[in-house]
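S.K.: First the structure, which I've put down as structure tokens, then a few questions once you've had a look.
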Amino acid sequence: MAFVFLSVGVVAAAASLIRSPSRDGSEMITSGEPSSTAANEESAETFLGFGTCADFDDDYLYPGPDVCTVNDARQCDSCIPNVSSTGIRSCYDVCGTTCDYAMAGIDDVPDYAVNISYTMACAWMAIAALPTTCSGGYTPSIPTSNNFEPNYDSMGEAPVVMSEGVQIDNCGLHAICTSCMSETGELNKYCAAVAGFYMRGTNSSMVDTNVAKVVLNDQAFWCLEDTIQRIEDGTFNKACDLTKAENEPGHC
């Protein structure tokens with residue numbers, strides 16, 4: 001199953017959203033007309049289920065070698081060479097250079113690799129640019145956030161989000177806020193589609209941010225022309241299949 005380390009909450013069911021252009025021309029999701037990719041909430045932030053991205057967008061704290069490296073190192077085993085995937089390309093092909101290789105226990109470090117971890121953010125940024133990623137044109141870059149107030153000087157000051165007694169990882173929250181939310185609180189439509197797909201398949205109101213890496217290892221499903229087109233026209237309402245193995249397209 002894909003849910004290894006709980007990171008962020010998303011909505012509970014089908015929703016009402018509209019699309020509007022972001023600053024870079026990609027389509028974002030906001031409250032409005034019904035869409036199968038969203039949840040019945042008033043805004044993109046409540047759609048994600050953890051409050052406000054302003055509390056988790058401080059680049060001073062995340063990502064970086066002192067904070068999110070530890071979290072990403074726990075997850076890099078799904079973004080290494082020869083990882084199980086459903087297609088020719090995998091998470092490693094898209095975001096492999098963004099792992100902290102030493103902490104992830106990877107000995108064969110490519111010359112071009114960087115020893116700073118922003119793998120989670122890379123994966124969500126790749127999803128936000130899904131058509132480009134599917135064509136092999138996505139290039140990882142250090143993420144930057146809006147850094148809205150309030151700003152926090154330490155992790156001790158930053159808010160803590162709990163779900164069923166489990167603390168949600170702030171690095172995962174920063175990653176999705178950095179990658180999927182516009183400065184006006186709009187949610188990227190590809191991120192919304194991914195969130196809804198895994199939430200529906202597991203009948204859950206919370207989704208692990210690590211499903212971003214599951215997506216990159218399941219490009220046989222997410223890069224299908226039908227999948228992309230349905231997300232584009234707002235009719236994507238599929239759910240992941242818990243009965244499928246990790247090497248089968250559309251698994252959870």
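S.K.: Just need the Rg to Rh number for the stretch 157-223, please, alpha carbons only, Kirkwood Rh.
M.R.: On the Cα set of the stretch 157-223, Rg over Rh gives 0.98.
S.K.: Calculated FRET efficiency, Asn237 and Glu157, Cβ-Cβ r, R0 35 Å, to nearest 0.05?
M.R.: Rounded to the nearest 0.05, the efficiency is 0.30.
S.K.: Could you calculate the FRET efficiency of Asp59 with Ser135 from 1/(1 + (r/R0)^6), where r is the beta carbon distance between them and R0 is 22 Å, rounded to 0.05?
M.R.: Result of the calculation: an efficiency of 0.15.
S.K.: Using modelled amide H (1.01 Å from N, peptide plane; none on Pro or chain starts), what sits under 5 Å from the amide H of Asp241, excluding residues fewer than 5 places away?
M.R.: Residues meeting the amide H criterion: His251, Cys252.
S.K.: Spelling out what I want: for every residue of the stretch 86-93, take phi, set θ = phi - 60°, compute 6.51 cos²θ - 1.76 cosθ + 1.60 (Karplus), and round to whole Hz; glycine and proline get x.
M.R.: Result, rounded to whole Hz: 9, x, 6, 9, 9, 4, 4, 5.
S.K.: Then there is this: First select every other residue whose beta carbon is under 15 angstrom from the beta carbon of Lys238; then total the charges, Lys and Arg +1, Asp and Glu -1.
M.R.: Taking every other residue near Lys238 into account, the sum is -3.
Quick note: the coordinates plus some simple rules give every number you see, no bench work behind them. Being a predicted model, the structure only gives us computed values, none of them experimental. Here Cβ is always computed from backbone atoms with ideal geometry, including for glycine, and neighbour counts include all displayed protein chains.
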